[in-house]
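Comments concern the structure below.
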Amino acid sequence: MNLRSNRLVKRFTGAFVDLLPIVGVILFFQLLVLRQPFPEVMDLLLGTIFVVAGLAFFIEGLEMSLFPIGENMAHDFARKGSLFWLLCFAFGLGFGTTVAEPTLIAVAEEAARVAASGGLIAPGPESLDDYAQGLRFAVALSVGVAIFVGVLRILLNWSLPLLIIGGYCVIGVMTLFAPAEIIGIAYDSGGVTTSTVTVPLVTALGIGLASSIKGRDPMVDGFGLIAFASLFPIMFVMGYGMLLH
């Protein structure tokens, strides 16, 4: 088989090309601005190879499994015609993928450490764990509700701009009353939920569902679920902060 036509080789090549701008920026500032040599060059090269391989395998895995799974399940639920189970699946998918999101776990743990150092919670491991778990599950619950609402939007043909604008108006009002210590975490939580695990499955769900419903355009109606997954965590975490403080 010609290597140029090999799918995996193309995937590795694409991942390497995608990383070149990042590598170029680092080289420019390290060598020309800071004028410092790179420490442990071999480790850096090995790490770069691992990153390229990880990106290549990750993208290939998305196309082989996560996207088809999400789309197929959406088609199956649409054919089954059970609104109850479809909405349960939407909530469970949003909640489950967010709980498993590595970036959310890391951010929740860091937020707990900062809260302890700022005197907001006790510095003991139990308090740290409770704070991190509470934040993590508040975000996961919010994404579950977000995907639930997003699926209803597709089914009932609600206006996406009106829902998003209305949601951010609510966030603006909540920001005025939320504790200052939680506002930054709340806004960041909207970003960490849209990462490696959540985005592929949720996007596939929306596209598959819109493709299965007569009168829906996958391009117009299939996207937008990720916007809800970014919006609702901000509201829920600020609400969580209000209750906590």
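The values are calculated or read from the model by the stated rules, or taken from the named source; none is laboratory data. If you're wondering where the values come from, they're calculated on a predicted model, not measured in any experiment. Every residue, glycine among them, receives a Cβ derived from its backbone with ideal geometry; neighbour counts consider all protein chains shown. These accessible areas exclude ligands, DNA and RNA; they are computed on the full protein's heavy atoms, side chains included. Shrake-Rupley method; radii C 1.70, N 1.55, O 1.52, S 1.80 Å.
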Taking Cα pairs closer than 8 Å and at least 6 residues apart, the relative contact order of the chain in percent is 25 percent
Arrange the peptides 83-91, 70-78 so that the one whose residues have, on average, the most other Cβ atoms within 10 Å appears first.
-> 70-78, 83-91
Carbon and sulfur atoms account, in whole percent of the 1.4 Å probe accessible area of the stretch 128-245, for 71 percent
Positive end of the charge dipole of the chain (Lys, Arg +1 and Asp, Glu -1 on Cβ, about the Cα centre): tell me which of 144, 220, 49 has its Cα farthest that way.
-> 220
Candidates 165, 183, 207; GNM for the chain (alpha-carbon contacts under 10 Å) flags as most fluctuating 165
Could you calculate the contour length gain from residue 50 to residue 65, that is, 0.36 nm times the residue separation minus the distance between their Cα atoms, to one decimal place in nm?
-> 3.2 nm
Per-pair calculated FRET efficiency, R0 = 22 Å: residue 176 and residue 117 via Cβ, rounded to 0.05 = 0.25
For the residue pair residue 159 and residue 19, what label-to-label distance in nm results when each label sits 7 Å from Cα along the Cα-to-beta-carbon direction?
-> 4.6 nm
Starting from the residue with the highest accessible area, list 231, 162, 128, 32 in decreasing order, probe 1.4 Å.
-> 162, 32, 128, 231
Indicate the helices, whole DSSP H runs only, in the chain that combine a mean Kyte-Doolittle hydropathy of -1.0 or more with a Cα extent along their long axis of 27 angstrom or more.
-> 7-27, 41-61, 125-156, 225-244
Å² per residue, accessible surface of the chain at 1.4 Å | 55 Å²
With Rg from the Cα atoms and Rh as the Kirkwood inverse mean 1/r over Cα pairs, the chain has an Rg/Rh of 1.04
If you put +1 on each Lys and Arg Cβ and -1 on each Asp and Glu Cβ, how big is the dipole of the stretch 1-73 around its Cα centre, in Debye rounded to 20?
-> 260 debye
For the chain, modelled as a Gaussian network with Cα springs under 10 Å, which listed residue fluctuates most, 171, 22, 213?
-> 22
Express in nm, to one decimal, how much length is gained between residue 29 and residue 127 on full extension, taking 0.36 nm for each residue of separation and deducting their alpha carbon distance.
-> 31.2 nm
Please give the peptides 45-52, 114-121 ranked by average Cβ packing (other Cβ atoms within 10 Å per residue), highest first, as a rough proxy for protection.
-> 114-121, 45-52
In the stretch 1-118 the accessible area split gives carbon plus sulfur, as whole percent at 1.4 Å, a share of 72 percent
Taking the Cα-to-Cβ direction at residue 36 and at residue 243 and moving 7 Å from each Cα, how far apart do the two end points lie in nm?
-> 4.5 nm
Only helical DSSP H runs with n ≥ 4 go in: add -39500 (n - 2.57) per run for the chain, normalise by residue count and round the 222 nm mean residue ellipticity to 500 deg cm²/dmol.
-> -26000 deg cm²/dmol
Loop-exposed trypsin sites (Lys or Arg not before Pro) per DSSP, neighbour cap 14 Cβ within 10 angstrom, longest uninterrupted part of the chain = 36-213
